[in-house]
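Here the structure is laid out as structure tokens; the discussion comes afterwards.
Just so it is clear, none of the values below were taken in a lab; they were calculated from the coordinates. No experiment lies behind these values; they were computed from the predicted model shown. Positions of Cβ are generated from backbone atoms using ideal geometry, with glycine treated the same way; all protein chains shown enter the neighbour counts.
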Amino acid sequence: MELFNISMFWDFEELLHWEERHGFAEEMTPEIRSILEEYLNKDYVIIGTLIQYPKTGNPAAFKAHGIVLQRAVIVYDEGRENLFLRSYAHSVDDSGNSVNFVPRGGIEMSFASDVVWYPLMLTEIINEPAAHVVLDILTTEPTDLQQIGRQLPGPLEAVEVESKLGEVPGQMEYQGKNYHVTRITGQLPSKQRWDDLRIEVYYERPRQ
């Protein structure tokens, strides 16, 4: 699916006008509004995008979407985070027919940060029983998995990955620079509060 017409919002009324213009205002439940207003009140910026519908005979019947896979790659280097989002959505109509939204490419954003940040609060209000989370964090040095794991909510864990840069496991190249990869994965049940990830990065101590 294509992502298009990306917009940024610093104000909730501006976001609401955008929702109304595209016919989404009726899906703005009090729960969704509360979470979005909490972000904006803390000086976050919200990004909105339109998503192309999958091929289906009656697209109007598929209104509510649940994010079934929260997928991202995070490049964290020298106090800056490059966040590449590519989440997958799922929707079911009243007859039980389902469609999947698989984006082509994704959304990239870059910002200064003293921690690795990833948004999780909207997981509370998805229509699916749970969201599967897969985040690959790229750092200049190998991370301490135990220290990373202590900062995660119970369902998530930090694991090594099998990707290789040549013969070196757990590494990959991005923009001509080598990075070590830490994967955070697990399932977060909906209908309960999940705070955004704010992970302080600890690196492995050199072996003696």
Give me the Debye-computed log₁₀ of I(q)/I(0) at q = 0.11, 0.15 Å⁻¹ for the chain, equal point scatterers on Cα only, no solvent, two decimals. -0.59, -1.06
Can you work out the base-10 log of I(q)/I(0) for segment 1-52 at q = 0.16, 0.24, 0.26 1/Å, using the Debye formula on its C-alpha atoms alone? -0.46, -0.98, -1.10
For each of HIS180, HIS132, HIS22, count neighbouring Cβ atoms within 10 Å of the residue's Cβ, then give the residues from fewest to most. HIS22, HIS132, HIS180
When the helix-only estimate is applied to the chain (DSSP H runs of n ≥ 4, each -39,500 (n - 2.57), divided by the residue count), what is the mean residue ellipticity at 222 nm, nearest 500 deg cm²/dmol? -3500 deg cm²/dmol
Folded to 0 to 90 degrees: helix 12-21 orientation relative to the chain principal axis, Cα: 50
Pairing the Cα long axis of helix 30-41 with the longest principal axis of the chain, what angle in degrees results, from 0 to 90 and rounded to the nearest 10? 50
So how long is each side of segment 91-208 along the principal axes, counting just the alpha-carbon atoms, biggest first, in Å? 61, 30, 27
Along the Cα-to-C-beta direction of VAL92, a point sits 7 Å from the Cα; which residues of segment 176-191 have their amide N less than 20 Å from that point? 187-191
